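Presented below is the structure to which this report refers.
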């Protein structure tokens, strides 16, 4: 039998799932802290903006954002199927398109940051 | 020793006389420490010799007595009556055609098991005089857990994907393929990947984990399938991004 091409969508899904499992709790904690007015010096807006201006950091952020969005999109696709929405091709096209659009938007914003 | 009146609702089906399966109620006196298989044997010996079901070892080794007990895939020899207070509903394993009463047609599973070549395909053949294939404890540990499968098919009865997509290779067959792929003496991975890296192979699995929940030998087939997915994904990306690696 032919080798399946499913790894194209599953690879970034698995990578994104692993990544967000570690990142999401940290992000929630930091957001809550920021919301309560306790922003550590290191994570202040100016510091983070300067950090994100570096080319390699931009690339890293882009990859992290793409994998997280893709993972969520794939999860949503499977959930739709489990809930009985069997128009899989349509759902897949929609959710993956949103993930790619989100990645492109992030890329645009990252590229607009002045280089350090 | 205490005794209890046990009521069993058993699915009966005789293809020669019945148009559809139906439940039959049996009421027998059982000992409190018996398992469901003992109760079925007692029914067959004292009430109804026509009741058909598979069993052999009575000790969770042979994998023959898998059936649905109160809707869950279980080994009848491992299901204690004391854990089932009311009427006990006994049906043949879900997702398999019924041959007669609790006996299912398992040809589909056997065919899939055969396709994954669940036996040693030596990396290099060597004559018997050259001695045994040696293995370190660490190499044994990599696959030992997956050798514990007894082919009882409870994981197939529990798997919603197999219920929906009968072509899916299913948990036990893929776990056993993984077991041999992980074996340091084995060189047959490429042959097995032909079957398990296909769409009907591991990729129909959506990781619900039901297989691992019902497995009576704690093989954890869901973990095996996840590992097969990761390895097949690495294969795919290597083959498509570094074509010079393909031989």
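Every number here is computed from the coordinates shown, using simple stated rules; none is lab data. Remember, predicted model here, so these are calculated numbers, not experimental data. Ideal geometry is used to build each Cβ from the backbone, glycine not excepted, and the neighbour counts take in all protein chains shown.
Structure notes:
- The per residue volume of the convex hull around the alpha-carbon atoms of the protein assembly as shown is 251 Å³.
- One chain, two ends: residue A:113 and residue A:93. Fully extended at 0.36 nm per residue, the span grows by 4.2 nm beyond their Cα-Cα distance.
- Spin-label model, residue B:17/residue A:23: points 7 Å from Cα along the beta carbon direction are separated by 6.7 nm.
- In this label model, residue B:44 and residue A:78 are separated by 4.0 nm, measuring between points 7 Å along each Cα→Cβ vector.
- Degrees, to the nearest 10: B:36-46 long Cα axis against longest axis of chain B: 50
- Once the Cα atoms are used to define both axes, helix B:221-241 deviates from the longest principal axis of chain B by about 30 degrees.
- Averaged over B:225-235, number of beta-carbon atoms from partner chains that fall within 10 Å: 3
- Helical content alone sets the calculated 222 nm signal of chain B at -9000 deg cm²/dmol, taking -39,500 (n - 2.57) per DSSP H segment of four or more residues and averaging over every residue.
- Computed P(r) (all Cα pairs; chain A; 10 Å bins; percent): 13, 32, 34, 15, 6, 1
- Distance between modelled label sites at residue A:54 and residue A:36, nm, 7 Å Cα→Cβ extension: 3.0
- Between residue A:44 and residue A:63, full extension at 0.36 nm per residue minus the direct alpha carbon distance yields a gain of 4.6 nm.
- The distance linking segment B:15-48 with segment B:179-240 is 38 Å (Cα centroid to Cα centroid, whole angstrom).
- Mean Cβ neighbour count within 10 Å, used as a protection proxy, ranking A:87-98, B:215-226, B:14-25 highest first: B:215-226, A:87-98, B:14-25
- The value given for segment B:107-246 is a Kirkwood hydrodynamic radius of 15.8 Å, derived from the mean inverse Cα-Cα separation.
- Spin-label proximity, residue B:130 to segment B:176-197 - amide N less than 17 Å from point 7 Å beyond Cα toward beta carbon: B:184-188
- If a spin label sat at a point 7 angstrom from the Cα of residue B:184 along the line to its beta carbon, the backbone N atoms of segment B:122-157 nearer than 13 Å would be those of B:133-144.
- Across peptide A:2-15, the mean count of Cβ atoms from other chains lying within 10 Å of each residue's own Cβ comes to 6.
- For the listed peptides B:195-208, B:113-126, a ranking on the average number of other beta carbons within 10 Å per residue, highest first, reads B:195-208, B:113-126.
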